[in-house]
Ligand code: SF4
Ligand code: SF4
């Protein structure tokens, strides 16, 4: 073993070099860790996340015409559309159930929707403590997820 190697070991040169490199990344400008949930990361433009049942922005009425095409398009059969006939024989949406626990976010349901009522949004915070919590009813679909917002 050469004197050079022995001296490096005695004076812990490699350890000090490693520590110097480690601490050089402690500067706020050099931090690469995402600061979620304080800072929400941007998701890809075509990301398909939480489903949303859209309402008309002015009237607040649902855009859904209860045609059931989304349920028929879903390979997992996880959408259940409830409807009733109005007095003038029009179909009116009553209930809408979407089982997120079985959804693979393929987007076939939103593609099938003729009026853009059903949409897979960029919301990604859909975790819940129970399986039942993943079965969204019409109200949950219209309101969307309500995750806790953290601030510094
Ligand atoms: S995204 Fe795919 S699996 Fe999920 S409800 Fe729509 S069609 Fe079904
Ligand atoms: S396809 Fe669209 S309009 Fe038809 S039931 Fe589904 S969400 Fe409603």
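Test of understanding: extend the Cα→C-beta vector of residue 44 to 7 Å, then name every residue of the stretch 91-119 with backbone N under 16 Å from that spot.
Residues passing the 16 Å test: 104-108.
For the stretch 51-143, what number results from the quotient of the Cα radius of gyration and 2.2 N^0.38 Å? Before the final figure, lay out each step's value.
Details: Rg = 13.1 Å, N = 93, 2.2 N^0.38 = 12.3 Å.
Normalised Cα radius of gyration, the stretch 51-143: 1.07.
Which values, in whole Å and largest first, are the semi-axes of the equivalent ellipsoid of the stretch 100-149 obtained as the square root of 5 times each eigenvalue of the Cα gyration tensor?
Working: eigenvalues 80, 33, 23 Å².
Equivalent-ellipsoid dimensions as semi-axes: 20, 13, 11 Å.
Could you work out [θ]222 nm for the chain from helices alone, using -39500 (n - 2.57) per DSSP H run of at least four and dividing by all its residues? Round to the nearest 500 deg cm²/dmol.
The per-residue figure over the chain is -6000 deg cm²/dmol.
What residues from the stretch 113-143 fall in the zone where the backbone N is under 16 Å from a label point 7 Å along the Cα-to-C-beta line of residue 97?
131-141
Based on the Cα atoms of the stretch 19-85, what semi-axes does the equivalent ellipsoid have, where each is the square root of 5 times one gyration tensor eigenvalue, given in whole Å with the largest first?
Details: eigenvalues 441, 52, 14 Å².
Its equivalent ellipsoid spans semi-axes of 47, 16, 8 Å.
Give me the distance between the Cα centres of the stretch 1-62 and the stretch 108-152, rounded to whole Å.
27
Suppose the chain between residue 142 and residue 9 were pulled fully straight at 0.36 nm per residue; how much longer would it get relative to their current alpha carbon spacing?
41.4 nm
Ranked highest first by the average count of other Cβ atoms within 10 Å around their residues, in what order do 66-73, 55-62 fall? List each step's numbers first, then the result.
On the way: 66-73: 17.6, 55-62: 10.1.
Result, highest mean Cβ count within 10 Å first: 66-73, 55-62.
To the nearest 10 degrees, how steep is helix 13-24 against the longest Cα principal axis of the chain, on a 0 to 90 scale?
40
Residue separation times 0.36 nm, minus the C-alpha to C-alpha distance between residue 33 and residue 121: what's the value? Walk me through the numbers on the way to the answer.
Working: separation 88, 0.36 × 88 = 31.68 nm, distance 2.51 nm.
The span from residue 33 to residue 121 would gain 29.2 nm if fully extended.
When the Debye formula is applied to the Cα atoms of the stretch 65-106, each taken as the same point scatterer, what base-10 log of I(q)/I(0) results at q = 0.25 Å⁻¹?
Rounded to two decimals, the profile gives -0.82.
Throughout, read-outs are computed from the coordinates displayed, never taken from laboratory work. Keep in mind it's a predicted model, so treat the numbers as computed, not measured. No Cβ is skipped: glycine too gets one built from the backbone with ideal geometry, and neighbour counts run over all protein chains shown.
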